[in-house]
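The values are calculated or read from the model by the stated rules, or taken from the named source; none is laboratory data. Keep in mind that what you see is a predicted model, and the values were worked out from it rather than measured. Neighbour counts run over all protein chains shown; Cβ positions are idealised from the backbone, glycine included. Areas reflect the complete protein model, heavy atoms only, side chains present, ligands, DNA and RNA absent. Shrake-Rupley method; radii C 1.70, N 1.55, O 1.52, S 1.80 Å.
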Amino acid sequence: MTTRVHIGLPVPPRNHPALLRGRGRFVDDLPFPGARHVAVLRSPVAHGRVTAFDATAARADPRCLLVLGPADVAELTDPIPLAWLLPDQRLDHVELAVDVVRYAGQPIGLVVATDRAAAEDVAELVDVRVEPLPAVASTAAALAPGAPRLHAEAEGNVVGRTHFGTPRDRLDEAFAEAHLVVEREFGIQRVSHSPLEPRGLVAEWEPGPGLLTVHASTQSPHAVRQELAAVLRLRADRVRVVARDVGGSFGGKVALHADEALVCLAAVVLGGQVKWVEDRVENLTAAYQGRGQRTRARLAVAADGRFLALHADVVGDLGAFAVQAGSGPLQVTALTIEGPYRFPAAGGTVTAVCTNLVPVGAYRGYGMQESTFIRERLVDEAARELGVDPVALRLRNMVEPGDMPYTTCTGLVYDSGDYSAALRSAARRVAPPSSAGPVRRGSAVTATVEMSGFAPSALIRQFDIAWAGWEGVRLVVNHDGTVTVHAGVTAVGQGIETSLAQIAADGLGVPLRWVDVRLGDTATAPHSDLASQASRALVLAGGALLRAAARLRARVLGLAARALDVPEADVVLDVPADVEPGSPEAVFRGASGVISWRELAHRAWRGWHRPEGVERIRLEENVDFDPPAITFAHGAHGAAVAVDVDTGVVTVEDYWTVHDNGVLVNPLVAEGQVVGGVAQGIGLALFEEVRHDPDTAEPLSTTFREYPLPAARDVPRVDVRHLCTPSPANPGGFKGLGEGGAIPPAATIACAVAAAVPEIAEVLTATPMTPERVWAALREAGIEGSPQWTER
Amino acid sequence: MNGTARTARAEPRTSLGEHLRTALGLTGTHLGCEQGDCGACAVLLDGEPVCSCLVLAVQADGCRVETVESLARGDDLGPAQRALLEEHGLQCGFCTPGLLMRMTHARRTGAPASDVLGGHLCRCTGYGGLRAAVERHCAVEARKEDQP
């Protein structure tokens, strides 16, 4: 039984003092003075055939060390395999050797030179000719009759289809009999993760032993290692990937990108160190993006307000090709469409479409932001059409604690939580705003359920996904008494290193600062395919660590009992809170005397005191935790907005959150995750949008001026509350919270805008709700601005 | 350079930020966008905050440059660093060095918190703890601590 001393305390993240001193170790900060630099050659057009690649002039430049073009790449690499396909999907790899480019920014080759500026100079000397082909800039264009076909494996530009939940014919029957059907078309734009630290890596090839070491800004070093080994035809044990400090990721750094693979290829070809850090333009135009779907959805409601059926027909934009997880976010939208409500019939249909835009990958919320927006807007619209209170309508249909475990129509099994309590808590705190003059005010609350702790390996296998879902830790008591945690999850600014230290300290019963946490190096970290994504790091690594600590503590107490020659039950570990691991005051006590923690650790590593017949000596425990089930966090958000009817500007004036993330290990980290997620959600709700030319599909969002990130003025103070229903699906009772804050804001803000201006509620079905779009909707609804503006 | 005379050659086209990081080995200053939009690379040039990506290294010739590396005194964090640490004003920490320099400037000049917040982008925190730290740091009462 773990005594909670550090678990639950708001401990400041342990890496913050170094970061505050400017001693971070982000990829570009690592001391590799001898590294040569890469400039990536990218397609200037969104669709075209590469007809010439002539590097003669580039190679003549004395600063040029290497040029790689499509022919070299074809000879030296294999494609990146995909992990998650739709049932009928034939596109099953990411091409590295490109003769047809399918998005503007797609890597075609690269140049290596003596420094970054030289590489960019030399890149301009490479003569790359691309014969343009007609491009498609949206799913609508891609699905139109006669549209240019992007891939032989995708007829009609459809990469694959699937359906989850109640069969479509039964859904149609349920809708046919309903008192009210609310049907809308929803649009969720493409967004950019835009971590402040762009992607980057330093690859080093040692030709003697044949070892590739890659320092990368990544969430998933083991996945990158496996993918690199496959692409470069190397043995897995000759590739090491190391992630030190990572400057934000949000899903954008989960998978190996083609350009990253090419940089590693350059290192292997040249030998020694090769470095590439993308610039902001590359990050906005060539790094995988998130979201992007048009969805027709309908909700059936009985006269008494009972929900009868829900169906979402999701058409998702994969971009130029399917990436490793491909249509994963679209499938999750379909799977999670029901949210916290009971439905006799519900389902989601997915059509994944390729376009000549940047490929789309994971982004914080992973399809659940989309499903929440669709469902919560439909529910709010149903309440408006029925003339009932939207909170009451939600409460009428909620899954209650007594229903747990609750199986949705799409087959998800909710484990625990009081969804109504969260919604009531949020609704109580949302103050009804007052409207006056040209500024209308409104407020709303929404509810959501968040899949977290993804996932049992058996479930992942059932979905035919080529990943492992378990998580491993190695917990060590070193010979000097210090404690080291090695885990497969990674630190990307979310504070996991600190939370794991808190868990290890409590699990062993030692002070927090005795514990060091080492993450991100495939040479020392336990294997992990998914690492820190899908709100899983704390749930799974934390669960494994609690078990490891309990086992190691029992072993240490057993050794102490033998050292003191007393029964195990009579040994007590007595460690004052502020002592070092080598302190003579940190002792095991028995009736016969004491032995210090450090002395015992030292003896244990010598092999002393172990029972006869026991071979195990090392004072460490390896534990793999494969969870029995996904654990579902949940929450409710409230927003109060002001809509300026003169300008169409929407301002979020107040924001409230209630989340149930089970047992909180570090409330400071938890609050930071929620508020940071809300800010990203506000950006998505109101202004973030990756835009492309509708005809050429070339990017229009190439800087932070065309792709503005939320600034301090855009984000109000966020009121954060937590409920606690411990998860039954892991030893710590944890539920994930990395994504929860980002999931509901767009839905909540749109519902609040609808409350402020009910006249435009029906058309509030797409994000971002920019001033231009809101203004147009207001005018369309006949709402004029102040006279001094309309008279002009 | 942080109180010490430093000499290093720079190409005319090299930005101050890149020069600090490469020629002078001061990697605390981070380049987030290299277009003057994000504020991560802010340093103080003769006491004024500048985006070091928009200033050429040669423009800093003979100037006083202060970076994040100058803010702590031995083991003791400076006031801006303490405020961010105690208010959980950072997560990944990549943008933090530029914010710290703008906070330092504001405290010296009496500029309001809104000036600091208006020039800085953070993708992680949602400005929760960050705003609390900047407001605390720029408050009139806080500045009294700085009087000898």
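Do you know which of the residues in the stretch B:12-40 that are part of a loop (DSSP other than H, G, I, E, B) and without any contact (Cβ under 8 Å) to a residue 12 or more places away in the chain is nearest to the other protein chains (Cβ to nearest Cβ)? Among those residues, the one meeting the criterion is B:Thr27. Quickly run through the stretch A:66-101 and pick out the residues that are over 28 Å from A:Leu530 (Cα atoms) and not hydrophobic (A, V, I, L, M, F, W, C). Selection gives A:Gly69, A:Pro70, A:Asp72, A:Glu75, A:Asp99. The set of residues in the stretch B:79-101 being over 14 Å from B:His30 (Cβ atoms) and either more than 10 Å from chain A (Cβ to nearest Cβ) or open to solvent by less than 10 Å² (accessible area, probe 1.4 Å) (or both) consists of B:Pro79, B:Ala80, B:Gln81, B:Ala83, B:Leu84, B:Gly89.
Got a sec? Which of A:Ala752, A:Ala747 is more than 23 Å from the chain's Cα centre (by Cα), crowded, with 24+ Cβ neighbours inside 10 Å and either assigned to a loop (DSSP other than H, G, I, E, B) or in contact (Cβ under 8 Å) with a residue 40 or more places away in the chain (or both)? It would help to see each step written out before you state the result.
Numbers: A:Ala747 fails: more than 23 Å from the chain's Cα centre (by Cα).
A:Ala752 is the lone residue from the list that is more than 23 Å from the chain's Cα centre (by Cα), crowded, with 24+ Cβ neighbours inside 10 Å and either assigned to a loop (DSSP other than H, G, I, E, B) or in contact (Cβ under 8 Å) with a residue 40 or more places away in the chain (or both).
One residue stands out among those in the stretch B:125-144 that are open to solvent by less than 10 Å² (accessible area, probe 1.4 Å) and in contact with a Gly (Cβ under 8 Å, 6 or more places away or on another chain): the one that is farthest from the other protein chains (Cβ to nearest Cβ), which is B:Ala133.
In the stretch A:343-358, is there at least one residue being surrounded by fewer than 24 Cβ atoms within 10 Å (Cβ to Cβ), more than 28 Å from the chain's Cα centre (by Cα) and over 22 Å from A:Leu171 (Cα atoms)? No. With respect to the conditions (1) in contact with a strand residue (DSSP E or B) (Cβ under 7 Å, 6 or more places away or on another chain); (2) in a loop (DSSP other than H, G, I, E, B); (3) open to solvent by 10 Å² or more (accessible area, probe 1.4 Å), A:Glu688 lacks only one, and its number is (3). Of all the listed residues (A:Arg49, A:Arg90, A:Arg23, A:Arg14), the sole one being assigned to a strand (DSSP E or B) and over 21 Å from A:Gln273 (Cβ atoms) is A:Arg49.
Output the residues belonging to the stretch A:755-776 that are aliphatic (A, V, I, L, M) and either touching a Pro at 6+ places or on another chain (Cβ under 7 Å) or open to solvent by 20 Å² or more (accessible area, probe 1.4 Å) (or both). I'd like the intermediate steps shown before the answer.
Going through the stretch A:755-776, the residues aliphatic (A, V, I, L, M) turn out to be A:755-757, A:760-761, A:763-764, A:766, A:769, A:774, A:776.
A:Ala755, A:Val763, A:Ala766, A:Ala776, listed by residue number.
Residues are listed down the side, and each one gets a yes or a no for (1) closer than 20 Å to A:Thr162 by Cα; (2) in the same structural domain as A:Thr696 (by TED's automatic domain parsing); (3) in a helix (DSSP H, G or I):
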residue	(1), (2), (3)
A:Ala352	yes, no, no
A:Asn356	no, no, no
A:Ala362	yes, no, no
A:Ser371	yes, yes, yes
A:Arg377	no, yes, yes
A:Glu381	no, yes, yes
A:Val391	no, yes, yes
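With respect to A:Arg240, determine if the residue is open to solvent by 10 Å² or more (accessible area, probe 1.4 Å), within 14 Å of chain B (Cβ to nearest Cβ), in contact (Cβ under 8 Å) with a residue 40 or more places away in the chain and charged (D, E, K, R). Write out each step before concluding.
Details: open to solvent by 10 Å² or more (accessible area, probe 1.4 Å): yes; within 14 Å of chain B (Cβ to nearest Cβ): no; in contact (Cβ under 8 Å) with a residue 40 or more places away in the chain: yes; charged (D, E, K, R): yes.
Here the answer is no, as A:Arg240 does not meet what is asked.
Quick one: in the stretch B:52-74, of everything that is without any contact (Cβ under 8 Å) to a residue 40 or more places away in the chain and under 13 Å from B:His19 (Cα atoms), which residue is farthest from the other protein chains (Cβ to nearest Cβ)? Applying the filter and picking the extreme gives B:Asp61. If you go through the stretch B:116-148 and keep only what is assigned to a loop (DSSP other than H, G, I, E, B), closer than 18 Å to B:Cys33 by Cβ and among the small types (Gly, Ala, Ser), you end up with just B:Gly119. The criterion of being more than 10 Å from chain B (Cβ to nearest Cβ) and open to solvent by less than 20 Å² (accessible area, probe 1.4 Å) does not hold for A:Val669.
For residues that are over 23 Å from B:Cys95 (Cβ atoms) and more than 8 Å from chain A (Cβ to nearest Cβ), scanning just the stretch B:1-11, find the one that is most open to solvent (accessible area, probe 1.4 Å). Steps first, answer last, please.
Of all residues in the stretch B:1-11, those over 23 Å from B:Cys95 (Cβ atoms) come to B:3-11.
The next check asks that each one be more than 8 Å from chain A (Cβ to nearest Cβ); those that pass are B:3-10.
Numbers: B:Gly3: 84, B:Thr4: 79, B:Ala5: 100, B:Arg6: 121, B:Thr7: 140, B:Ala8: 43, B:Arg9: 222, B:Ala10: 38 Å².
Here the residue is B:Arg9.
Within the stretch A:611-623, can one find any residue that is under 30 Å from A:Glu338 (Cβ atoms) and open to solvent by 70 Å² or more (accessible area, probe 1.4 Å)?
Of all residues in the stretch A:611-623, those under 30 Å from A:Glu338 (Cβ atoms) come to none.
No, the conditions are met nowhere in the stretch A:611-623.
Among the conditions (1) touching a helix residue (DSSP H, G or I) at 6+ places or on another chain (Cβ under 7 Å); (2) of a type outside the set (Lys, Arg); (3) at pLDDT below 95, the only one that A:Pro581 does not satisfy is (3). Filtering the stretch A:535-567 to residues that are part of a helix (DSSP H, G or I) and without any contact (Cβ under 8 Å) to a residue 12 or more places away in the chain leaves only A:Ala554. Criterion applied to A:Glu400, A:Glu376, A:Glu385 was being surrounded by fewer than 22 Cβ atoms within 10 Å (Cβ to Cβ), in contact (Cβ under 8 Å) with a residue 40 or more places away in the chain and farther than 21 Å from A:Gly453 by Cα, and the one residue passing it is A:Glu385.
Only strands (runs of 3 or more DSSP E) whose full extent lies in the stretch A:186-248 are considered here, and the ones with at least 1 residues that are within 22 Å of A:Tyr707 (Cα to Cα) and at pLDDT 95 or above are A:200-206.
Scanning the stretch A:253-280 for residues that are open to solvent by 10 Å² or more (accessible area, probe 1.4 Å) and within 22 Å of the chain's Cα centre (by Cα) returns A:Val254, A:Ala255, A:Ala258, A:Glu260, A:Val277, A:Asp279. Scanning the stretch A:105-119 for residues that are open to solvent by less than 10 Å² (accessible area, probe 1.4 Å) and assigned to a loop (DSSP other than H, G, I, E, B) yields a count of 2. Scanning the stretch A:712-743 for residues that are touching a His at 6+ places or on another chain (Cβ under 6 Å) and within 14 Å of chain B (Cβ to nearest Cβ) returns a single hit, A:Gly740.
Taking (1) touching a strand residue (DSSP E or B) at 6+ places or on another chain (Cβ under 8 Å); (2) within 13 Å of chain B (Cβ to nearest Cβ) in turn, A:Arg705 satisfies each apart from (1). Of all residues in the stretch A:506-534, those that are in a helix (DSSP H, G or I) and under 14 Å from A:Val473 (Cβ atoms) total 2. Determine the pairs where a residue that is under 8 Å from A:Gly481 (Cβ atoms), located within the stretch A:585-600, has a partner that is part of a helix (DSSP H, G or I) and among the charged types (D, E, K, R) with Cβ atoms under 8 Å apart, the partner being 6 or more residues away or on another chain. Cβ pairs passing all conditions: A:Ala586/A:Arg598. Here A:Leu737 clears all of (1) modelled with pLDDT of 95 or more; (2) within 22 Å of the chain's Cα centre (by Cα); (3) crowded, with 23+ Cβ neighbours inside 10 Å except the condition numbered (1).
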